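K.L.:
First, the structure itself, so that you have it in front of you.
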Amino acid sequence: MAGAVPEFELAEGRHPGWPARVGPLVVPAGRVALRPPRLRDAAAWSEVRLRDRDYLRRWEPTGGDWNQRNTSTAWFGQWNALRRMARRGHVLPFVITLDGALAGQLTIGNIIRGALRSGWIGYWVSRQSAGSGVATAAVALAVDHCFGPTGLHRLEATVRPENSPSVRVLEKSGFRREGLFERYLDVAGAWRDHWVYALTREEVPEGAVAALIRAGRAERP
């Protein structure tokens with residue numbers, strides 16, 4: 001497995017796989033990479049979130065006024081919470097970059113060690129990055145990082161059945177559908193069913209990135 005994962009720039013950390021910079025991979029849209037969120041991401045993050053409000057909030061949990069929750073000042077609370085949880089080993093928070101610019105976020109959450117060694121994966125990308133291989137590359141990079149340096153064995157993801165682009169992203173990285181969570185999450189003001197997808201390390205022995213490259217969907221720089 002070690003020979004199949006992408007290159008990682010790892011710093012000394014308390015928990016395996018964190019902090020880290022992962023990638024890049026080249027897709028039609030440009031160079032995709034993952035890095036830890038920064039306090040100075042506030043303006044870029046807010047710009048994307050406010051600009052793409054109608055595109056993003058269709059799929060995200062219901063919760064308060066969108067504009068208030070996504071101002072640059074609101075970023076500090078999110079960044080601080082993610083950093084705190086990452087330091088405790090509960091979360092791996094990443095910013096998705098496209099040619100160095102913020103294009104979305106990806107989070108590995110609910111990390112459990114011991115005999116389970118699992119976590120869930122969630123992500124979003126800007127409207128202009130959708131459909132261009134950015135999310136697929138980011139997920140593949142994250143999968144290999146989780147099954148490599150982070151030492152996890154299983155990843156889960158939930159997605160609404162109507163969100164076919166996100167379903168395709170997961171399936172391109174090897175995730176398989178395990179079942180349906182009925183009325184699982186309050187999204188856009190209603191309780192929505194979600195498919196649950198999962199992936200274990202044995203299912204991608206060569207790595208998700210290698211499989212993506214072999215399928216002609218990405219290449220190394």
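The values are calculated or read from the model by the stated rules, or taken from the named source; none is laboratory data. This is a predicted model, so every value here is computed, not measured. Positions of Cβ are backbone-derived with ideal geometry, glycine not excepted, and every protein chain shown enters the neighbour counts. Accessible surface is based on the protein model in full, side chains and every heavy atom, while ligands, DNA and RNA are left aside. Shrake-Rupley method; radii C 1.70, N 1.55, O 1.52, S 1.80 Å.
K.L.:
Do you know the relative contact order of the chain, to the nearest whole percent, from alpha carbon pairs under 8 angstrom that are 6+ apart? Intermediate values should be presented prior to the final figure.
P.N.:
Details: 431 pairs, mean separation 52.9, N = 221.
After rounding, I find 24 percent.
K.L.:
Follow-up. Based on Cα coordinates alone, diagonalise the gyration tensor for the stretch 155-206, multiply each eigenvalue by 5, take square roots, and list the semi-axes in whole Å, largest first.
P.N.:
23, 11, 7
K.L.:
Now, a different point. With +1 on each Lys and Arg Cβ and -1 on each Asp and Glu Cβ, how big is the dipole of the chain about its Cα centre, in debye rounded to the nearest 20? Don't skip to the end; give the middle numbers.
P.N.:
Values: 31 positive and 22 negative charges, 84 e Å.
My answer is approximately 400 debye.
K.L.:
Another question about this same structure. Can you tell me the alpha carbon radius of gyration of the chain divided by the globular rule-of-thumb value 2.2 N^0.38 Å?
P.N.:
Against the empirical 2.2 N^0.38 Å value, I get 0.96 for the chain.
K.L.:
Leaving ligands, DNA and RNA out of it, work out the accessible area of Thr62 with a 1.4 Å probe and give it in Å² to the nearest 10.
P.N.:
Accessible area, nearest 10 Å²: 70 Å².
K.L.:
Can I ask one more? Could you work out how far the C-alpha centroid of the stretch 102-165 sits from that of the stretch 174-221, in angstrom?
P.N.:
Taking the Cα centre of the stretch 174-221 as reference, the centre of the stretch 102-165 is 8 Å away.
K.L.:
Related question: Would you mind checking the radius of gyration and Dmax of the stretch 143-185 based on alpha-carbon positions, in Å?
P.N.:
12.0, 35
K.L.:
Let me ask something additional. Would you list His90, His15 from the most to the least accessible area, probe 1.4 Å?
P.N.:
Output order, biggest surface exposure first: His90, His15.
K.L.:
Give me the accessible area per residue for the chain, probe 1.4 Å, as a whole number in Å².
P.N.:
Numbers: 10880 Å² over 221 residues.
That works out to 49 Å² per residue.
K.L.:
Next question. Okay, helix-only estimate at 222 nm for the chain: each DSSP H run of n ≥ 4 adds -39500 (n - 2.57), divide by all residues, round to 500 deg cm²/dmol; what do you get?
P.N.:
Rounded to the nearest 500, it is -8000 deg cm²/dmol.
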